[in-house]
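S.K.: Below are the structure tokens for one structure; questions will follow.
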Amino acid sequence: MQLFLRINMAQIIRATEFVRSFSDIMNRVYYKGESFDVQKGNHIVARITPAETKPSIAVRDLEEAFKNGPHLDPEDADQFMKDIEEIRRSTRQDIKKLVERWD
């Protein structure tokens, strides 16, 4: 197993230049993965970096994913159901108390 350390050095850009070049900067961030530190005066006030992409799955593929995904063993599944029922009971009781206070 190899581990890679990604060093992403942000380029420093003055706030005025950032405003003037906004479209170009955003394109460089989006298409090239570049990062920018925005400097105002003597201070870095913002960092513009690519957003992390999250893995996604189409709705049509959910059934297959659930079928092939990890499963609880029977003992854990039973405990999980007990936990859910306990949460439901306590939530109902909390709601009842709130309603009674308003009556």
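S.K.: Is there a residue being of a type outside the set (D, E), surrounded by 11 or more Cβ atoms within 10 Å (Cβ to Cβ), without any contact (Cβ under 8 Å) to a residue 60 or more places away in the chain and assigned to a helix (DSSP H, G or I) anywhere in the stretch 29-51?
M.R.: yes
S.K.: So, one more: For a quick check of your reading of the model, give me the residue pairs whose first member lies in the stretch 69-89 and is at negative phi and in a loop (DSSP other than H, G, I, E, B), whose second is surrounded by 10 or more Cβ atoms within 10 Å (Cβ to Cβ) and modelled with pLDDT under 90, with beta-carbon atoms closer than 7 Å and at least 6 apart or on different chains.
M.R.: none
S.K.: Still on this model: Mind counting the residues in the stretch 86-103 that are at pLDDT 90 or above and more than 29 Å from I57 (Cβ to Cβ)?
M.R.: Total meeting the criteria: 1.
S.K.: A further question follows. Step by step: first the residues of the stretch 52-68, then only those that are among the basic types (K, R) and part of a helix (DSSP H, G or I), then the one that is nearest to E17 (Cα to Cα). Which residue is that?
M.R.: We begin by selecting, within the stretch 52-68, every residue among the basic types (K, R); these are 54, 60, 67.
When the remaining residues are screened for being part of a helix (DSSP H, G or I), the result is 60, 67.
Numbers: R60: 45, K67: 52 Å.
Only one residue tops the list, namely R60.
The values are calculated or read from the model by the stated rules, or taken from the named source; none is laboratory data. These numbers come from a predicted model, not from an experiment. Positions of Cβ are backbone-derived with ideal geometry, glycine not excepted, and every protein chain shown enters the neighbour counts.
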